[in-house]
Amino acid sequence: MVQVTRSGRRGRSALARGIMRVGGFSASVLLTGIVSLVSIPFVIVHTGGDGWASVAVGQSLGAISGIFTLLGWAQSGPTDIAQRVAGGRGTYFFKSLYVRGLSLIVTLPITALGSILLDTSAPLATMLSATSILAINLGANWFYIGESNPRSLLYFDAIPRSTFVLAATASLSLGVNVEWYAGLVLLGAIIAAVLSIIDIRRRYGRVRFRPMRAGELLKILRRQRHGIGSALLSAVYLSLPLLVVQASVPSGAPYYALADKLKQQALTMYRPISQTIQGWTPKGGSLLVLERVRKAYISTLVMGVLGGLSFGLCIPFASHVFGGGDIPIGYSLGVPVAIAFAANIVSLTTGVSCLLPLGLERHITLSAALGMCIALISIFPLVSGYEEIGAAWAVAGSQVIVAAYQSVILTFHLNRMGEASGRIQF
């Protein structure tokens, strides 16, 4: 009886800690998400649909070029940090920072050139918005997730960035142009990255470090290849559509940008759950990891369906509120975006929280490659025929394929491992 009671207490204690971690990460996500959403109608009202599109296109461009700054650490970093002893975490982070910093030599000029070639109404704002994504990628979001450290994520990342977004939003009301808005957002991203670096150095001490040789850099990049590949492929088929719409039918860019932004913000609201699961599944012995992966996958299927239905029902109202009434979005655009959102929830958690702990990371890359192929094959004819609605269906189709592929692979391996261990299968 005593053993049962103690076991029950340990279970309740673990559940309580999990809820607290979700709540802690939710504070950062809610802050940045709400501030970002609040800024949208101000940007649209004070700079017009074209100004809003310039900022959104820059963010999409930064999401693609920023892959070569983040270099896959958002995918593999949290799991690596969670599995490392505390003494090795600081060295791991600063090695990654060195490599990510070097990447700016390539990514900054390419980002600037892309901002010019996309020919938005405010190319400088596009470039500054894209560069702010690069600055965020130099920070320590993924490190704090791996540490299960929501407090530092809030204080050293979310609050500084959100403060400057609010300042930039308020400045629009005072008459500044969209370039000043984008510049203030960039400044906040830089300050947040610097504060995060200072925090990690303070807690883990001075890390002895020397410049890496080319061979060492290549070795690190090879280790990160799955994360880089999956992130790059995902960014291409998630961010490329807006760039294609901007290049092909600029009049549809504000509508697609708003729908996509609402989807991304809704996905951001889900991330604390995904981040907590990602830090939870790899811990423990192989049988415990297997059981946790099963539970994580079932829960993400339920959340994906519920999330997609809720998003699809709410998007017309949300577009009216956050678009200032100037950029209405109907169900013709909202339905494919909702389908993409549901599939994105499933693939996000299945990839990093289920496949990665089981050593199946190559299937994350393969699923992203498959999704990218579907997107590239379909997006140009669909945008040509159906403009921004066609782009939304291209993304929805590619996301469903990614989620389906990952689900099939995971189910197969879970059943095979279940047979080997004599445990219950799907």
Cα-Cα P(r), segment 15-223, percent of pairs per 5 Å interval: 1, 7, 14, 18, 18, 15, 12, 8, 4, 2, 0
In whole percent, the Cα-Cα distances of the chain spread across 10 Å bins from 0 upward as 5, 21, 33, 27, 12, 3, 0, 0
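Based on other C-beta atoms within 10 Å, arrange 271, 161, 151, 210 from fewest to most.
Numbers: 271 21, 161 28, 151 12, 210 7.
With the fewest neighbours first, 271, 161, 151, 210 line up as 210, 151, 271, 161.
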Among 42, 311, which comes first, second and so on when ranked by fewest other beta-carbon atoms within 10 Å? 42, 311
Can you compute the modelled spin-label distance between residue 373 and residue 287, with each label point 7 Å from Cα toward Cβ, in nm? 4.0
Using a Gaussian network model of the chain whose springs link C-alpha atoms within less than 10 Å, name the residue from 136, 298, 401 with the highest mean-square fluctuation. 298
Which value at 222 nm does the chain reach when only helices count, each DSSP H run of 4 or more adding -39,500 (n - 2.57), with the total divided by all residues and rounded to the nearest 500 deg cm²/dmol? -29500 deg cm²/dmol
Within segment 123-162, name every residue whose backbone N is under 18 Å away from a label modeled 7 Å from Cα of residue 212 along the Cβ vector. 137-143
Which of the aspartates and glutamates could a cross-linker bridge to residue 261, judged by Cα under 17 Å and excluding same-chain residues fewer than eight apart? 50, 326, 388
Any idea what the alpha-carbon Rg over 2.2 N^0.38 Å comes to for segment 225-426? 1.07
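Suppose R0 equals 35 Å; then what is the FRET efficiency for residue 151 and residue 384 from their Cβ-Cβ distance, rounded to the nearest 0.05? Mind dumping the intermediate values first?
Working: r = 49 Å, r/R0 = 1.40.
That pair, residue 151 with residue 384, gives E of 0.10.
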When the Karplus curve 6.51 cos²θ - 1.76 cosθ + 1.60 is applied with θ = phi - 60°, which whole-Hz ³J(HN,Hα) does each residue of segment 97-105 get, with x for Gly and Pro? 5, 4, 5, 5, x, 4, 5, 4, 4
When a/c is below 1.5 the answer is rounded, else prolate if a/b is larger than b/c, else oblate, so apply that to segment 186-245 with a ≥ b ≥ c taken from the square roots of the Cα gyration tensor eigenvalues. oblate
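Would you order 73, 393 from fewest to most other beta-carbon atoms within 10 Å of each residue's own beta-carbon?
393, 73
Residue 228: net charge of surrounding residues, Cβ under 15 Å, Lys/Arg +1, Asp/Glu -1, itself excluded? Write down the numbers at each step before the final one.
Details: positive: 100, 219, 222, 223, 225, 362; negative: 80, 361.
Net charge in that neighbourhood comes out at +4.
Where a number appears in this text, it was derived from the coordinates with a stated rule and is not lab data. Bear in mind that the values here come from a model prediction, so they are computed numbers and not experimental data. With ideal geometry, Cβ positions are generated from the backbone for all residues, glycine too; neighbour counts draw on all protein chains shown.
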